[in-house]
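This report concerns only the one structure given below.
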Amino acid sequence: MDSDNRWSERQDIQLHITLLYDGQEVLQANSKNISIGGIFIDTALPVLDIDKRLDVSFSLRSTNGTQQHRLPARVVRNHDNGTALAFSDYNTDTLNALRVLLYDGFAR
């Protein structure tokens, strides 16, 4: 991903994620990097249409155990080696969990 208009620094973190469309699983993949603003996932082919809206589901560890998170996202770019998605409509718990993951490294 290019460093065009990001408002949060990317971290090279691998998470196992599931993409959902209307509640149905579309794809399972691993992230290559993640930021507060979005995620870049490893896909062999550009399998997702630009501007498609999906939910990104993933689990993070915390002091309270493992929590499942689900964020709405939009496909913004496809590359030979992956797909970039921009997050939208954060809930407070997920935003805080991402901050801990990215900046404190606790949730890895």
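Residue count for region 66-78, restricted to those that are surrounded by 12 or more Cβ atoms within 10 Å (Cβ to Cβ) and more than 13 Å from the chain's Cα centre (by Cα): 3. One residue alone among T92, T66, T83 is touching a Leu at 6+ places or on another chain (Cβ under 6 Å) and among the β-branched types (V, I, T), and that residue is T83.
Taken over region 62-77, the criterion of being touching a residue at least 12 places away in the same chain (Cβ under 8 Å) and touching a strand residue (DSSP E or B) at 6+ places or on another chain (Cβ under 8 Å) is satisfied by Q67, H69, R70, L71, P72, A73, R74, V75, V76, R77. The single condition among (1) over 20 Å from Y21 (Cβ atoms); (2) modelled with pLDDT of 85 or more that N78 does not meet is (1). Only one of the listed residues (T43, T63, T83) is surrounded by 12 or more Cβ atoms within 10 Å (Cβ to Cβ) and out of contact with any Gly (no Cβ under 8 Å at 6 or more places or on another chain). That residue is T83. Screening region 15-54 for residues that are under 10 Å from the mean Cα position of the chain (by Cα) and assigned to a loop (DSSP other than H, G, I, E, B) and picking the one that is farthest from G82 (Cα to Cα) gives I36.
Look at region 47-65 and say how many of its residues are of a type outside the set (D, E, K, R) and modelled with pLDDT of 85 or more.
Of the residues in region 47-65, the ones of a type outside the set (D, E, K, R) are 47-48, 50, 54, 56-60, 62-65.
From the residues that got through so far, the ones that are modelled with pLDDT of 85 or more too are 48, 50, 54, 56-59.
Count: 7.
The values are calculated or read from the model by the stated rules, or taken from the named source; none is laboratory data. Please read these numbers as outputs of a predicted model, since none were measured by experiment. Because the Cβ atoms are built from the backbone with ideal geometry, glycine has one as well, and the counts that use them run over all protein chains shown.
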